[in-house]
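These notes are about the structure you will find just below.
The values are calculated or read from the model by the stated rules, or taken from the named source; none is laboratory data. Since the structure is predicted, the reported quantities are computational estimates derived from the model, not experimental observations. Reconstructed Cβ throughout: ideal geometry from the backbone, glycine too, with neighbour counts over all protein chains shown.
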Amino acid sequence: MNDPFRIDAQDAEFVARVPSEDWPAVFAFRDRATFPNCVGLYAEFMVPYFSYNFVLNKVVGELWRFLMLVFALHLYDTRDPDDPHSGLTIGNFQKLCARQGIASNGRALAYLHIMQMGGYLTRSRSPVHGRIVHYAPTPAFIATVEGWNDGVFQLIDAVVPEDRMMPRRADYPDLGKEMRRRSAERLLGGWDPVAPFPEMELFSSSDGGWMVLSFMVAETLKHGFGQPVAIDLEGLSKQAGVSRSHLRRVLESAYKAGLLEAPPRNGANLMPSATLVRAFLAWLASYLGSYRLRTLEALAAWRPEGAPTV
């Protein structure tokens, strides 16, 4: 990127917003010379997971949808067979979402219903307590999640190839599940991956906004900070199930909020502010870096004879 842009100019501000023992590792991950490689890869990787979910888009914001997915799987994975009240039930999911501040009871319930209608969850009544209904992921849901796990590992390998996440995953089939479990426990313990970066809230809370932000930052890194870039608003609007005029309004609101340095012209003349770019890059490093640390913890705990060590 061109001077005078400095990727680390607001690190102290980010750290002050939400103290975390992971910040040194986050910045070390972001500051690797290979880190810019994963920004465009991330935007492309996430397209299928944000695309064509027209009904779900209206119920759950893009960024929160994945937290709810992690929590749903966590409840399912931690079900105690001797306790019929445990596991992925409507009540447990609603309480967890409310406690984490990501969805109301109504939205949490709608999320489960939509996932069931979409063929991602099944439901069955407890043989012990007939009023308790348990949800379980379908093979299609697990396949989707495992594909997402592979994508995360590939993104990490693009930045830290010596981690060899994908080769190790071949030897450790449950590595993705362990990554999710440990990450969910950290989230439940108070980690908020978005809180340090309120600059991104306008995009994360708008349908289609997250993909607009991701591609805009990726193009900015490709062409150099301070250069106007363009993104395919028409294509993104179709994928997100929103109108192109809606995405234009998101960009216009971002300009009025000082997040863009120039008035946008449809999907062109986009110049994200230095603060917005720094926030997104620090967030992405925090997001991927946390999954990396949780995965390395799982690998360190997995040491059968002849297994690779961290």
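In this structure, is Ala136 over 23 Å from His85 (Cα atoms) and of a type in the set (A, V, I, L, M)?
Values: over 23 Å from His85 (Cα atoms): no; of a type in the set (A, V, I, L, M): yes.
No, not satisfied.
So if I check each of Glu201, Glu185, Glu162, which one is part of a helix (DSSP H, G or I), out of contact with any His (no Cβ under 9 Å at 6 or more places or on another chain) and more than 19 Å from Phe29 (Cβ to Cβ)?
Numbers: Glu185 fails: out of contact with any His (no Cβ under 9 Å at 6 or more places or on another chain); Glu162 fails: more than 19 Å from Phe29 (Cβ to Cβ).
On inspection, the qualifying residue turns out to be Glu201.
What number of residues within region 10-30 satisfy the criterion of being outside any helix (DSSP H, G or I) and surrounded by 13 or more Cβ atoms within 10 Å (Cβ to Cβ)?
Just the residues of region 10-30 that are outside any helix (DSSP H, G or I), to begin with: 10, 18-22.
Imposing the further condition that a residue be surrounded by 13 or more Cβ atoms within 10 Å (Cβ to Cβ) reduces the set to 10, 18, 20, 22.
Matching residues across region 10-30 total 4.
Can you pull out the residues in region 74-101 that are surrounded by fewer than 21 Cβ atoms within 10 Å (Cβ to Cβ), within 18 Å of Gly190 (Cα to Cα), of a type in the set (A, V, I, L, M, F, W, C) and touching a residue at least 12 places away in the same chain (Cβ under 8 Å)?
Within region 74-101, just Leu75 meets the criteria.
To keep it simple, each residue is scored yes or no on (1) out of contact with any Leu (no Cβ under 6 Å at 6 or more places or on another chain); (2) not in a loop (DSSP other than H, G, I, E, B).
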site: Asp80; (1), (2): yes, no
site: Ser86; (1), (2): yes, no
site: Gly91; (1), (2): yes, yes
site: Gln94; (1), (2): yes, yes
site: Ile102; (1), (2): no, no
site: Ala108; (1), (2): yes, yes
site: Gln116; (1), (2): yes, yes
site: Asn149; (1), (2): yes, yes
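Of all residues in region 209-224 being under 17 Å from Ala274 (Cβ atoms) and either in contact with a His (Cβ under 8 Å, 6 or more places away or on another chain) or hydrophobic (A, V, I, L, M, F, W, C) (or both), which is surrounded by the fewest Cβ atoms within 10 Å (Cβ to Cβ)?
Applying the first criterion (under 17 Å from Ala274 (Cβ atoms)) to region 209-224 yields 213, 216-224.
Those left that are additionally either in contact with a His (Cβ under 8 Å, 6 or more places away or on another chain) or hydrophobic (A, V, I, L, M, F, W, C) (or both): 213, 216-218, 221.
Details: Leu213: 29, Met216: 25, Val217: 26, Ala218: 21, Leu221: 18.
Only one residue fits best here, namely Leu221.
If you go through region 120-142 one residue at a time, do you hit one that is among the aliphatic types (A, V, I, L, M), closer than 26 Å to Leu296 by Cα, at pLDDT below 95 and part of a helix (DSSP H, G or I)? First the steps, then the outcome.
To start, the set of residues in region 120-142 that are among the aliphatic types (A, V, I, L, M) comprises 121, 128, 132-133, 136, 140, 142.
The next check asks that each one be closer than 26 Å to Leu296 by Cα; those that pass are 142.
With at pLDDT below 95 added as a condition, the list becomes 142.
Keeping just the survivors that are part of a helix (DSSP H, G or I) gives 142.
Checked region 120-142: at least one residue is among the aliphatic types (A, V, I, L, M), closer than 26 Å to Leu296 by Cα, at pLDDT below 95 and part of a helix (DSSP H, G or I).
Find all pairs meeting these conditions: Cβ atoms under 9 angstrom apart; at least six residues apart or on different chains; first residue within region 117-136 and without any contact (Cβ under 8 Å) to a residue 40 or more places away in the chain and farther than 18 Å from Ala72 by Cβ; second residue assigned to a strand (DSSP E or B) and of a type in the set (Val, Ile, Thr).
What qualifies is Arg125/Val133.
Please name all residue pairs, on different chains or six or more residues apart, with Cβ atoms under 6 Å, provided the first residue is in region 160-172 and is under 17 Å from Gly289 (Cβ atoms) and modelled with pLDDT under 90 and the second residue is assigned to a helix (DSSP H, G or I) and acidic (Asp, Glu).
Note: no pairs meet the criteria.
Would you mind stating whether Arg294 is touching a residue at least 60 places away in the same chain (Cβ under 8 Å) and charged (D, E, K, R)? Talk me through it step by step, then tell me what you get.
Working: touching a residue at least 60 places away in the same chain (Cβ under 8 Å): yes; charged (D, E, K, R): yes.
Considered against the rule, which asks whether it is touching a residue at least 60 places away in the same chain (Cβ under 8 Å) and charged (D, E, K, R), Arg294 comes out as yes.
Pull up region 137-150, narrow it to residues that are exposed (fewer than 13 other Cβ atoms within 10 Å of the Cβ) and free of Cβ contacts under 8 Å to residues at least 12 places away in the same chain, then point me to the one that is nearest to Glu44 (Cα to Cα).
Ala143
Return the total of residues in region 103-135 being more than 22 Å from the chain's Cα centre (by Cα), small (Gly, Ala, Ser) and surrounded by 14 or more Cβ atoms within 10 Å (Cβ to Cβ).
So the count comes out to 1.
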